[in-house]
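Right, one structure below, let's go through it.
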Amino acid sequence: MIHTSAGLLELEALRALVGRYIGSPMGKVELGKVEPHSNREQLERVHRLNAEAIEYLKTASGPQTAGRGAAVRLRFTDLPDAIPPAAKLRIEGAVLEGKEIFEVLSLVERAAETRAILEACASRFPLLASRAAAIGELRGLVHDLANKILPDGSLADSASVALNRIRRGIEKQRQQIQDSLERFLRTHRTDGVLQEDFVTLRNDRFVVPIVAGQQGRVNGVIHGSSGSGHTLFVEPLDTIELNNQLVRLTEEELREIFRILREMTDRLRAHAPGILASIQVMGELDLLFAKAQFAVDFDCVIPSFAPESGVRLRLEAARHPLLEDVLRRQRKPIVPISFMLGEDNRILLLSGPNTGGKTVTLKTCGLLALMAQSGIAVPAREAVFPIFDQVLADLGDNQSIAESLSSFSSHIRRIKEILELVTPESLVLLDELGRATDPEEGGALGVAIVDLLRSWKAFTLASTHLLALKVYGGSHDGVLNGSMGFDHDTLEPTYRLRVGSPGESAGLAIASRLGMPADLIAKARAAMTHRERDLADFLEQLQQKVNAAQQERDQLEAQRLALEAREKALAAEWSQRESAKLRELERRCEELAHAFEQSSRQTIEGIVQTAQQRKSAEQAQRKVSKTVREFREEVQSTLAAAKPGAVHAPLTQQIEEGCRVRLKNVRELAVVKRKLAADRIEVAAGFMKLQVSVDDVVEVFPEGSSAPAKLPQNVSFHSAGPRWDVSYRELNLIGRRAEEALEEVDKFLDHAVMAGVNRVRIVHGHGMGVLKKAVSEMLSKHPHVANHYPATPAEGGTGATIAEIREE
């Protein structure tokens, strides 16, 4: 964007507010690069990243399953500033200090941790993971160098073998010097030469303090005196060579340290691209999560950008972030604003009381537009913006004594600049249009300016107190009037924006509230012309009616919501009661069925005496079980149809050729072949074709669907595949183990029943008779088998068994 009016709209203050959430120097550098622009693709990409970062923060702050892939809150507050040392890496031959190397390694290590965390969440946060993937893979470099540098920047003894040897030599040399000087102190402790009994350092050499004037009694070199001159610091002759050796070792240590630092710098320089990329990405992530935290704290929304074919400017419950920040510290609420401009209405004229929020509304719209085009979420419930090529604003009093500009002159000069720059893609903000001059002339000038902007089709927000502009807004297409609310009972502005009608300035009322004498206010009212008074009274009455209508609308909305809530509560209560009744009915039916079954079984068992009676009893028991099962199914079907909320279309409307149906007293699902009449259909159930009434249809399954069936616990379903071949009525078990054979027999009998076969042959052979015995015992107890006996000699004799299938 070329012109943004960023200073007037306080974009820099907004940048400082976001900067509170920045933790690292790299993040502050990236924040300084944030500027509004009009590249739609880049803006949409940045806002998608913003949305993902906000979701990441919310996930990391909430409950989640621990382990790999969990969203871990990232912190950037203690990141070292690696930008200066990284810049030195670009200078060939430059050697980094130990502290600088430690800072680079610390940042690279933190960057690797950040990359690992975000890549582990790639399935949920792919954009963040993709951005983190640009961090250099430098863990091997960190592993090699990290333990050689201490946090204060000094080298560890293990940095090299030579350094370790030199430092051991320095320690040994210092100990020899200490021993030599202690011998000197013991020798002169009682002869009055020593000023104090200790060893100290002067010019990096070990010395002892002696009394001034006694130096002639000591062989040595004087390295200085105390401030009072009473003490001389002497290096005894015996320790001079030892000190010289210590100096040589110290110089050798410094040379070795420099060599190691140079070597480590060269290693870092070889990985400079990865290091610079890591610094860049960590700065970007710091900024990204700072913007996300700002969005969470200020309840922001990700803005969307209107397509070029249907541009619109919509703000719902928008708030000025800087004002909200101030009011939060004062523990005061902020009043949000809402409005929408589109293709048909691109200009909003704001009127209303002084200090009523008109200027704040203009600044809110302008600042939020700049935030959206700077890649920052905006504090609002919903925000839709066009892509503006520039934001042009005239806000406040720009008079300048130095430039001999009055308020009106500076106002006109700024508007002239705006009119020279404006395009159809511009946002124009004009505060107190036509101010600081005669109201009639100012109104006429304001109307001309707004009309020109209307012809340009530029989105425009302008505030005014002038009647001419209020009338213009109500009588021209493409222009909307808006008013800031005013409470006549308290004589205070409400700061609420209402679109559709102009507002009264209420200057005298506000002056009275601010403490102007009552008699002065009365004189002012008397000085007004009848026309001015009538107009002021009209606007006041209009504002009161608008307020009353809004209150009535709010009350009606509240009543509607209360009625909806009451209706839902009654529906829920009725549903609970009906469900309870149905559960009780189901329980009673189950008890009756169970009692009937128990009573029938006891009665049957009581009359069984002979084998023939036992067979009849078994048949009776099967019929009882079948009756109970059909009773339960009928009860379940009836209860399902009676459940609250169940809606069933007439079955005749659901039945179509090819769909499947469940029929009364038929266990297998049937397929509808054709409709014979309005109330009769032809179906195929297994190998049977039936003509039935639609009244016999219990349930309909559309073509291609499967019947809903909830299997009992520990029961599984396996499709049998193609229909069993009914001409194949034999099962050969020769060579099978008994367990395996019995499982085959069970499946074989199930298939026979499904195919409607009444007699099958099971070949088991002679052998030791184990398989034959096991098959015979199973058939004698199997519910599908009515009778079984050895096969005839023509069918295999005793090597096979014939089983007759029971007819249900």
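Ranked highest first by average number of other Cβ atoms within 10 Å, how do 380-393, 235-248, 309-322 line up?
Highest-to-lowest ranking by the protection proxy: 380-393, 309-322, 235-248.
Rounded to a whole number, what % of the accessible area of the range 275-340 do carbon and sulfur atoms account for, probe 1.4 Å?
Looking at the range 275-340 in its full context, I get 53 percent from C and S.
Of all accessible surface on the range 17-94 at a 1.4 Å probe, what whole percent is carbon and sulfur?
That fraction is 52 percent.
How much accessible surface does HIS223 have with a 1.4 Å probe, in Å² rounded to 10?
40
Over what distance in Å are the Cα centres of the range 217-252 and the range 360-399 separated?
73
Say the cut-off is 19 Å between C-alpha atoms; which of LYS358/LYS470; LYS99/LYS148; LYS664/LYS747 go over it?
Violating the 19 Å Cα-Cα cut-off are LYS664/LYS747.
Give me the percent of accessible area attributable to carbon and sulfur for the range 341-499, probe 1.4 angstrom.
Here it works out to 52 percent.
Just the number please: accessible area per residue for the range 31-157, 1.4 Å probe, all protein chains included, in Å².
For the range 31-157, the solvent-accessible area averages 52 Å² per residue.
Could you order the peptides 93-101, 362-370 from most to least packed, using the average number of other C-beta atoms within 10 Å per residue?
Ranking, from highest mean packing down: 362-370, 93-101.
Measure out, as a whole number of angstrom, how far apart the alpha-carbon centroids of the range 258-292 and the range 87-116 sit.
Cα centroid to Cα centroid, the span is 5 Å.
Would you list THR359, THR603, THR77, THR460 from the most to the least accessible area, probe 1.4 Å?
These residues rank, largest area first, as THR77, THR603, THR359, THR460.
Please work out how much accessible surface ASP519 shows to a 1.4 Å probe, ignoring ligands, DNA and RNA, in Å² rounded to 10.
100
Residues of the range 319-448: accessible area per residue at 1.4 Å, in Å²?
Per-residue accessible area for the range 319-448 comes out at 40 Å².
Probe of 1.4 angstrom, ligands and nucleic acids ignored: what's the accessible area per residue over the range 167-245, in square angstrom?
57
What ranking of LYS470, LYS332 comes out by heavy-atom accessible area, probe 1.4 Å, highest first?
Reading off the accessible areas and sorting them downward yields LYS332, LYS470.
Provide the per-residue ³J(HN,Hα) series for the range 57-63, in order, calculated from phi with Karplus coefficients 6.51, -1.76, 1.60 and θ = phi - 60°, each as a whole number of Hz, with x at glycine and proline positions.
Each residue's phi maps through the Karplus curve to give 4, 5, 5, 5, 7, x, x Hz.
Nothing charged except the Cβ atoms of Lys and Arg (+1) and of Asp and Glu (-1): what's the magnitude of the dipole of the range 1-71 about its Cα centre? Round to the nearest 20 debye.
220
Give me the Kirkwood hydrodynamic radius of the range 1-158 in Å, from all C-alpha pairs, to one decimal place?
Final number for the Kirkwood radius of the range 1-158 is 18.4 Å.
Tell me the label-point distance for the pair ARG577, SER130, using the 7 Å Cα-to-Cβ offset, in nm and rounded to one decimal.
5.7
Would you tell me the accessible area of ARG587, worked out with a 1.4 angstrom probe on the heavy atoms of the protein chains, in Å² to the nearest 10?
Taking all protein chains as shown, ARG587 has close to 110 Å².
The values are calculated or read from the model by the stated rules, or taken from the named source; none is laboratory data. Predicted model only: the values in this text are computed from it and were never measured. Positions of Cβ are generated from backbone atoms using ideal geometry, with glycine treated the same way; all protein chains shown enter the neighbour counts. The accessibility values were calculated without ligands, DNA or RNA, using every heavy atom of the protein model including side chains. Shrake-Rupley method; radii C 1.70, N 1.55, O 1.52, S 1.80 Å.
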